[in-house]
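Notes follow the structure.
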Amino acid sequence: MMNPALQYPIFGPEIQCPHCRQTIPALTLTDTYLCPRHGAFEADPKTEELVHLQSGRHWRRWDDDWYRQHTHPDGIRFEIHEALDRLYTQGYRATRVIIAKRYQDLVSSYLERNAPWRGQGESTAPRLYGLPVEFSPDPQEDPCWDVINFSLEKEPGAPVLYPYFRLFE
């Protein structure tokens, strides 16, 4: 008799679609999950990634949440912007953005940098949408940073000037 676990892809008989969060089934005896809205996703057992076959986008899972793995700076910038909007609608404002170290080269040229006044020492921290940016520790120190893309530190209240509108500048 065949082991039932071997009939399904590596993430089991069903997963949440990374796009719409709807529960989607695995196709038996394949490495594929099928969302009626977003199409097929293939599970790669070697990389433990989920690949959307239509777009080629890659996703990885951490604590039962899917994180898109970005290859272009606009993708991660847009994702951060969406998260800032969600915070705002929940009554919070972000105070700092921590971006995964693996994206440092990808996003560095898009960060705002203010040069100090003469004689005032070093330049200020880089910013994105008006918020200070830091990069995560090495994933060997904290393995979640090998999967998640960023984290927002927040506090209650609305943004003072809502600087997040700078997306298209």
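The values are calculated or read from the model by the stated rules, or taken from the named source; none is laboratory data. What you are looking at is a predicted structure, and each value in this text was computed from that prediction instead of being measured. Neighbour counts run over all protein chains shown; Cβ positions are idealised from the backbone, glycine included. Remember, those area values only see protein heavy atoms, side chains included, never the ligands or the DNA or RNA. Shrake-Rupley method; radii C 1.70, N 1.55, O 1.52, S 1.80 Å.
Using only the alpha-carbon atoms, how far is helix 73-89 inclined from the longest principal axis of the chain? Give it as 0 to 90 degrees, nearest 10.
80
On the protein heavy atoms, probe 1.4 angstrom, tell me the percent of accessible surface of the chain carried by carbon and sulfur.
50
Whole-Hz ³J(HN,Hα) for each residue in segment 51-61, computed from phi via Karplus 6.51 cos²θ - 1.76 cosθ + 1.60 with θ = phi - 60°, x for glycine and proline: what do you get?
With coefficients 6.51, -1.76 and 1.60, one gets 10, 6, 5, 5, 9, x, 6, 9, 10, 10, 10 Hz.
When only the heavy atoms of the protein chains count and the probe is 1.4 Å, how do LEU27, LEU53, LEU111 rank by accessible area, highest first?
Listed by decreasing accessible area, they come as LEU53, LEU27, LEU111.
Counting each DSSP H run of 4 or more residues in the chain as -39500 (n - 2.57), what helix-only mean residue ellipticity at 222 nm follows after dividing by all residues, to the nearest 500 deg cm²/dmol?
That calculation yields -3500 deg cm²/dmol at 222 nm.
Counting only C-alpha contacts under 8 Å and six or more residues apart, can you give the relative contact order of the chain as a whole percent?
Dividing the mean separation by the residue count of the chain yields 17 percent.
List the GluC sites (Glu not before Pro) within segment 1-74 that fall in a DSSP loop (any state other than H, G, I, E or B) and whose Cβ has at most 16 other Cβ atoms within 10 Å.
Listed in order of number, the matching sites are GLU48.
How much net charge surrounds TRP145 when only the other residues with a Cβ under 10 Å from the Cβ of TRP145 are counted, with Lys and Arg +1 and Asp and Glu -1?
-2
Based on the Cβ-Cβ distance from GLN90 to CYS144, what FRET efficiency comes out when R0 is 30 Å, to the nearest 0.05?
0.85
Under 5 Å between amide H atoms, partner at least 5 residues away or on a different chain: which partners does ARG57 have, H built in plane at 1.01 Å?
Sorted by chain and number, the residues that satisfy this are HIS52.
At a Förster distance of 45 Å, what's the computed FRET efficiency of ALA125 paired with ASP63, Cβ-Cβ distance as r, to 0.05?
With a Förster radius of 45 Å, E is 0.95.
At THR47 and ALA158, where each label point lies 7 Å from the Cα along Cα→Cβ, what is the point-to-point distance in nanometres?
That separation, rounded to one decimal, is 4.3 nm.
For every other residue with a beta carbon closer than 13 angstrom to the beta carbon of THR30, add +1 if it is Lys or Arg and -1 if Asp or Glu, then tell me the sum.
-3
Starting from the Kirkwood radius over alpha-carbon pairs of segment 1-111, derive D by Stokes-Einstein at 20 °C in a medium of 1.002 mPa s and give it in µm² s⁻¹.
In µm²/s, the coefficient is 135.
Collect residues whose amide H, placed 1.01 Å from N in the peptide plane, falls under 5 Å from the amide H of THR95; neighbours closer than 5 in sequence don't count.
Hits under the 5 Å cutoff: GLU153, LYS154, GLU155.
Need the full-extension length gain, THR23 to GLU79, defined as separation in residues times 0.36 nm minus the C-alpha distance. One decimal, nm.
Value of the extension gain: 17.9 nm.
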